[in-house]
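Colleague: The structure that follows is given in the form of structure tokens.
The values are calculated or read from the model by the stated rules, or taken from the named source; none is laboratory data. Note that this is a predicted model, so its numbers are computed, not measured. Quick reminder, even Gly has a Cβ in these numbers, built from the backbone with ideal geometry, and neighbours come from all protein chains shown. These accessible areas exclude ligands, DNA and RNA; they are computed on the full protein's heavy atoms, side chains included. Shrake-Rupley method; radii C 1.70, N 1.55, O 1.52, S 1.80 Å.
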Amino acid sequence: MEYQRKIVIVKTGEPVASVLERRGHYATLIEQAIGSAWGGGYAHFDARTEAFPAPDGADTAAFVITGSSANVPHREPWMVRTEAWLRDVVAAGTPTFGICFGHQILAQALGGEVVRNPRGREIGRIRVERRADDPLFDGLPPSFETHATHVDTVGALPAGARSLAFTELDDHQAIRFTPTCYGVQFHPEMDHDVIADYIASRRAILQAEGFDVEALLARVSPGQLGTRTLHNFIHHVVTPRA
């Protein structure tokens with residue numbers, strides 16, 4: 001089925017240079033990951049430099065917020081503006097899905113707090129443990145593997161939010177902020193090729209932080225299941241309203 005409304009991808013950063021050159025922008029990776037789960041079109045805008053669209057535009061099916069190398073705790077002016085707009089988006093009930101930085105900025109906007117992760121960087125193939133049943137996990141086992149790369153974390157949840165999953169290094173891998181707003185700390189749009197490129201591109205930093213880079217690369221393999229959360233968001237939250 002085709003839909004007139006579009007999923008609007010909110011750009012907040014770019015992938016590392018090698019991924020950008022070979023595979024494209026975050027928006028491209030997200031669209032490819034969604035694939036046939038969505039029968040409508042897409043639109044994009046850059047939250048750092050462009051005017052925000054209406055929080056509840058008649059032609060908007062949902063907003064998906066990308067990852068970024070920026071850090072929410074730095075409180076840059078464009079982030080503060082984005083947070084104010086996101087509060088209006090969520091209040092309007094427009095389906096919204098945040099990925100990594102997008103997950104964090106939603107938490108900050110809605111009254112939570114994002115901090116530098118005291119347990120350190122999380123990167124590579126990770127195992128996510130569910131702590132709750134939710135449509136976001138439809139078809140997923142209680143424990144599943146996916147990909148992540150981040151140094152910040154949601155340190156305090158907003159009022160009314162529920163943490164749905166965790167890992168050894170992060171307490172809030174998935175959050176339901178409202179019935180129409182979710183965030184995931186991991187990257188459902190990153191396949192094994194992309195996350196391997198992230199690890200390789202940050203080799204010097206990772207080695208300086210004490211990581212075994214070869215061991216990280218050896219754990220990378222096809223078949224991560226995190227993408228299913230993005231598909232479930234579209235199926236259970238976006239499509240019924242589109």
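Colleague: What is the distance, in nm, between label points placed 7 Å from the Cα along the Cα-to-Cβ direction at Arg131 and at Gln32?
Modeller: Going by the 7 Å Cα→Cβ label model, 3.3 nm.
Colleague: Given a 1.4 angstrom probe, I'd like the percentage of the accessible area of the chain that is carbon and sulfur, rounded to a whole number. Before the final figure, lay out each step's value.
Modeller: On the way: 5040 of 10020 Å².
Ligands and nucleic acids excluded, carbon and sulfur reach 50 percent.
Colleague: Further question on the same structure: Taking every eigenvalue of the Cα gyration tensor of the chain, multiplying by 5 and rooting it, what semi-axes result, largest first, whole Å?
Modeller: Working: eigenvalues 133, 75, 68 Å².
So the equivalent ellipsoid measures 26, 19, 18 Å along its semi-axes.
Colleague: Between segment 16-50 and segment 197-242, what is the separation of their alpha carbon centroids in Å?
Modeller: Measuring centre to centre over Cα atoms gives 15 Å.
Colleague: Classify segment 150-237 as rounded, prolate or oblate from the Cα gyration tensor: take a ≥ b ≥ c as the square roots of its eigenvalues, call it rounded if a/c is under 1.5, otherwise prolate when a/b beats b/c and oblate if not.
Modeller: The shape class here is oblate.
Colleague: For helix 192-201, report the angle its Cα long axis makes with the longest principal axis of the Cα atoms of the chain; keep it between 0 and 90° and round to the nearest 10°.
Modeller: Once rounded, one gets 60 degrees.
Colleague: Mind checking which of Trp85, Gly102, Pro73 is farthest towards the positive end of segment 71-135's charge dipole, using Cβ charges of +1 (Lys, Arg) and -1 (Asp, Glu) about the Cα centre?
Modeller: Among Trp85, Gly102, Pro73, the one farthest towards the positive end of the dipole of segment 71-135 is Pro73.
Colleague: Using only the Cα atoms of segment 47-161, build the gyration tensor, take square roots of its eigenvalues as a ≥ b ≥ c, and label the shape rounded, prolate or oblate: rounded if a/c is under 1.5, else prolate if a/b is larger than b/c, else oblate.
Modeller: It comes out oblate by the Cα gyration axes.
Colleague: Follow-up. I need the shape label for segment 13-89. Rule: rounded when a/c is under 1.5, else prolate if a/b > b/c, else oblate, with a, b, c from the alpha carbon gyration tensor.
Modeller: In terms of gyration-tensor shape, oblate.
Colleague: Given a 1.4 angstrom probe, what's the average accessible area per residue across the chain, in square angstrom?
Modeller: Working: 10020 Å² over 242 residues.
I get 41 Å² per residue for this part.
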